[in-house]
Each structure stands twice: as structure tokens, then as C-alpha cells.
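Just below is one structure, and these are the notes that go with it.
Only the coordinates and a few stated rules stand behind these numbers; no lab work does. Keep in mind that what you see is a predicted model, and the values were worked out from it rather than measured.
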Amino acid sequence: MPGISAAGEAGQARPLAGGTHVTELDQVKVFVGLDNSEPKLRELFTKLQAKHGTVLVVVDQPASIGALPLAVARDAGCRVA
């Protein structure tokens, strides 16, 4: 299986925030679509960390609708890209 980059494109992986590389899709245990308020995001990230350990939050619009999930994820100790 080819590696994926921070943008989710097939090919060579590149470093994500925090120096993490995702090189194989089978390294990702959970994929989640987000459309929630801050308290719901915080609850979701906390539950995912408790169950799966390291959580990587990736958004494609970090300067608009993706800003809140990224801010909450960072505050909750998640990795972001």
C-alpha cells in the first residue's frame, strides 16, 4: 500500500505536525468526520485518546471551518496536520 502525505495523497509520506509520519493507511485506526461544538469535540478527542492512544486530527480548511477542531485538538494533546 503506498504511503500518504499530510494532504492524504498517495506517494511519499512527509512529516506531519509534531514530526509524525503516516506511511501506511493501516497505521490509522479511526477516521472521523467533524461537525461539532467545542465541548463535543473535546469529548470526542478525549474518548478517542483513551481508547486508541495517539490521535491525529487532519483538516483541509485550517483557516476557516477547520480552525476550531485544530485548536481543541491541540489543547487536548492530539497531533494535528
Tell me which residues come under 5 Å, amide H to amide H, from Val57 once H is placed; ignore anything under 5 positions away on its chain.
Arg79, Val80, Ala81
Short version: ³J(HN,Hα) in whole Hz for each residue of segment 30-45, in order, from phi by Karplus 6.51 cos²θ - 1.76 cosθ + 1.60 (θ = phi - 60°), x for Gly and Pro, what are they?
9, 10, 9, x, 10, 7, 9, 7, 4, x, 5, 4, 4, 4, 4, 5
